[in-house]
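Enquirer: Questions regarding the structure given below will be posed in turn.
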Amino acid sequence: MDRLELRTKFAGRIEKFRLDEFDITVHLRPLSALERAKIVDKHRTLNKDSETALETLTIQSQCFIVGRGLVDAKGNRIYKDDEADAIADEIPCKALDQISAKILEISGMSAKGADDIKNSETAPSGGSSDGSQPASDAGTSTSS
């Protein structure tokens, strides 16, 4: 397998995720290792501002995750990097929680991995392999 084939295999992985309460199905893609690093860095930067409340920190991190992992059926991102406010305004809190948790889950980050981002001063550089439960138990997931 060459680099192009490898990139195509990884880039083409899109999962459907059903949000029963909202009667919608969204398309999600896993985050890359670089995107995970950017999320951790962004959270650390936000965390340094002692004026930033924990809830604001969490929502900003979730918007960053959703902005990178929420895609259309063809795998194209729906939101641009500078649209975090639009994500926070357009997606209800409960759906934001569920979607961001599912993106982390399909990216190989367990609930512990999500906690590591929240406590990013000690966040490891890799995902968790401790066998803990997935970050989301809401909705259902099917691969497409």
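The values are calculated or read from the model by the stated rules, or taken from the named source; none is laboratory data. Being a predicted model, the structure only gives us computed values, none of them experimental. Note that we place each Cβ from the backbone using ideal geometry, even for glycine, and neighbour counts take in every protein chain shown. Areas reflect the complete protein model, heavy atoms only, side chains present, ligands, DNA and RNA absent. Shrake-Rupley method; radii C 1.70, N 1.55, O 1.52, S 1.80 Å.
Enquirer: Picking from Leu34, Leu54, which residue would you name as being hydrophobic (A, V, I, L, M, F, W, C), without any contact (Cβ under 8 Å) to a residue 12 or more places away in the chain, surrounded by fewer than 12 Cβ atoms within 10 Å (Cβ to Cβ) and closer than 26 Å to Phe10 by Cα?
Expert: Criteria check complete, one pass: Leu34.
Enquirer: Which condition does Arg13 not pass, out of (1) outside any loop (DSSP other than H, G, I, E, B); (2) open to solvent by 90 Å² or more (accessible area, probe 1.4 Å); (3) of a type in the set (D, E, K, R); (4) at pLDDT 75 or above, if it passes all the others?
Expert: (1)
Enquirer: Continuing with the same structure: Does Ile103 qualify as being touching a helix residue (DSSP H, G or I) at 6+ places or on another chain (Cβ under 7 Å), in a helix (DSSP H, G or I), on the phi < 0 side of the Ramachandran plot and free of Cβ contacts under 8 Å to residues at least 60 places away in the same chain? Write out each step before concluding.
Expert: Details: touching a helix residue (DSSP H, G or I) at 6+ places or on another chain (Cβ under 7 Å): yes; in a helix (DSSP H, G or I): yes; on the phi < 0 side of the Ramachandran plot: yes; free of Cβ contacts under 8 Å to residues at least 60 places away in the same chain: no.
Taking the combined requirement at face value, the residue does not satisfy it.
Enquirer: Looking at the range 60-100, which of the residues that are of a type in the set (Lys, Arg), in contact with a helix residue (DSSP H, G or I) (Cβ under 8 Å, 6 or more places away or on another chain) and open to solvent by 80 Å² or more (accessible area, probe 1.4 Å) is nearest to Phe22 (Cα to Cα)?
Expert: Let us first name the residues in the range 60-100 that are of a type in the set (Lys, Arg), namely 68, 74, 77, 80, 94.
If we keep only those that are in contact with a helix residue (DSSP H, G or I) (Cβ under 8 Å, 6 or more places away or on another chain) too, we end up with 68, 77, 80, 94.
From the residues that got through so far, the ones that are open to solvent by 80 Å² or more (accessible area, probe 1.4 Å) too are 77, 80, 94.
Working: Arg77: 21, Lys80: 23, Lys94: 10 Å.
Here the answer is Lys94.
Enquirer: Further, regarding this structure: Taking the options Gly127, Gly131, name whichever one is modelled with pLDDT under 85, open to solvent by 40 Å² or more (accessible area, probe 1.4 Å), closer than 14 Å to Leu31 by Cα and out of contact with any Leu (no Cβ under 6 Å at 6 or more places or on another chain).
Expert: Gly127
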